[in-house]
Amino acid sequence: MKNPNKNKVTAILSVGCGVLLALLAIALPAAAQTSPVANPPYTIKIFAKGPAGTSQPDSIVQWGDHIIVGFENGVAKDGTDGKSSTIVQSSLSGKVERTFSVPGHNDGLRVIGEDDLWAVQNEDANPNLVVIHLNAGTKKQYKFPPTPHGGGNDDMVVKNGEVFTTASNPNLDTMGNNVFPALVRASLSGTSVLVEPVLDGNASATDISTGTAVTLYLTDPDSLTIDPRGNILLDSQADSELVFIRHPFTGERKVGRLKITSAVTGPMNATITLDDTAFAPNPKAFLLVTDVGAGLIYRIDSETFGFEPGTAYSASDTLGLAGTLNLDNGVVTPVVTGFGSARGPLFVSPDGDKDGDDK
């Protein structure tokens, strides 16, 4: 005798399986799209997630056996919404140890001296500086004077005991040029930050790949680092170029420009822009990259022989990748792809120092 309910049961099961498969079809591609993929010999894994209530990890620095990350928390880039960013300190294994709150949109971190963490907020306008004394756990806020370029301040770097910072989001003249300082030297006095110009946005330079004389058009001064030769390296992000400055305060000053390119293109054929660049210090180091969109910090390793010392690695926010940077022609070759928006690459020495003495 035929079961009259059999067809009903079969129909219900078919519908249920169909719904389940449809949901899996939606979920699996999404997961695949948001999971970065490393090209051999590189490997990648999640290093840390932000604490509850934080989002958008960006700048990252090392302090001894600790990693410190700035979480932007969706705060307005000019700080006008009155909200705060969170600075998170973790161990070298990614375990959260403590947090600090800073007013505004954090986009620059740098350890100055032994234990002073400088945190710069509001790269679009109304910049402020908070100095966190890490050993004591205390902090003090400083004010910038009205900026001549009309914007804010962004990243920082230390060279020969002096602090340099980018003058970000500048006003442009009617020809679209930045005639204001793009790089300034910063010092503290009382509760104020004093700045003096170092490099103008329309300075003369030499194109590194061709050797020809050029004029800079720096419309988006952003991140800073020091290359292995001791040059200050400034990233003009939206302009897709890097600027190398040697001997900034002497008559022997040299300025080089490197245009950035890649065979990889992003959504809507977006051109490559770089958020930051880091140089491998020694083979035992590993590379951390923050992903603003995913809210995660990733660890990249080169498993076989380690990273080649001196090699430049850059993170692209527009193309969602990390790759090696050719310093002769500006070509970025991906080693990891699939980030939402890759930021702040930092090489970490497992022994807690960054002097490159690992053998």
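The values are calculated or read from the model by the stated rules, or taken from the named source; none is laboratory data. Everything numeric here is computed off the predicted structure, so don't read it as measured data. Note that we place each Cβ from the backbone using ideal geometry, even for glycine, and neighbour counts take in every protein chain shown. Protein only, heavy atoms only, side chains kept; ligands, DNA and RNA dropped before computing areas. Shrake-Rupley method; radii C 1.70, N 1.55, O 1.52, S 1.80 Å.
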Rounded FRET efficiency, nearest 0.05, which uses the C-beta distance separating Met175 from Asp301 and R0 of 35 Å
0.15
To the nearest Å, what is the center-to-center distance of the stretch 219-247 and the stretch 297-323, using C-alpha atoms only?
18
Averaged per residue, what accessible area in Å² does the stretch 277-359 show with a 1.4 Å probe, protein chains only?
35
Take the chain, connect every pair of alpha-carbon atoms lying under 10 Å apart with a spring to form a Gaussian network, then pick out the residue of Ile208, Ile68, Ile297 with the largest mean-square fluctuation.
Ile208
Please list, in order along the stretch 321-336, the HN-Hα scalar couplings obtained from phi with the Karplus expression 6.51 cos²θ - 1.76 cosθ + 1.60 (θ = phi - 60°), rounded to whole Hz, x for Gly and Pro.
9, 10, x, 7, 10, 7, 7, 8, 10, x, 7, 9, 10, x, 10, 9
Using a Förster distance of 22 Å, the FRET efficiency for Leu194-Lys139 (Cβ separation, nearest 0.05):
0.65
Part-to-part distance (alpha-carbon centres) for the stretch 41-120 and the stretch 137-206, which is given in Å
21
For the chain, modelled as a GNM with alpha-carbon contacts under 10 angstrom, which of Leu346, Leu216, Leu194 fluctuates the most?
Leu194
Which entries in Lys83/Lys143; Lys77/Lys284; Lys139/Lys159; Lys140/Lys254; Lys49/Lys139 show an alpha-carbon gap greater than 27 Å?
Lys77/Lys284; Lys140/Lys254
Tilt relative to the chain, helix 6-33 - C-alpha long axis, 0 to 90 degrees, to 10
10
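Which longest run of the chain has no exposed loop site in it, a site being GluC sites (Glu not before Pro) in a DSSP loop with at most 10 other beta carbons within 10 Å, and the site itself not part of the run?
In the chain, the maximal stretch lacking such sites is 115-251.
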Gyration tensor on Cα atoms of the stretch 236-337, a ≥ b ≥ c root eigenvalues, a/c under 1.5 rounded, else prolate if a/b beats b/c, else oblate, says oblate
Most fluctuating residue of Thr250, Thr318, Thr333 in a GNM of the chain with Cα springs under 10 Å: which is it?
Thr250
Report, by chain and number, residues whose modeled amide H sits under 5 Å from the one on Ser85, excluding near sequence neighbours (fewer than 5 apart, same chain).
Val102, Gly104, Asn106
Applied in sequence order to the stretch 164-177, the curve 6.51 cos²θ - 1.76 cosθ + 1.60 (Karplus, θ = phi - 60°) yields integer Hz couplings, x standing for Gly and Pro, of 10, 9, 7, 9, 8, 6, x, 6, 10, 6, 5, 8, x, 9
Can you give me the distance in nm between label points at Thr206 and His66, each placed 7 Å from the Cα along the Cα-to-Cβ direction?
4.3
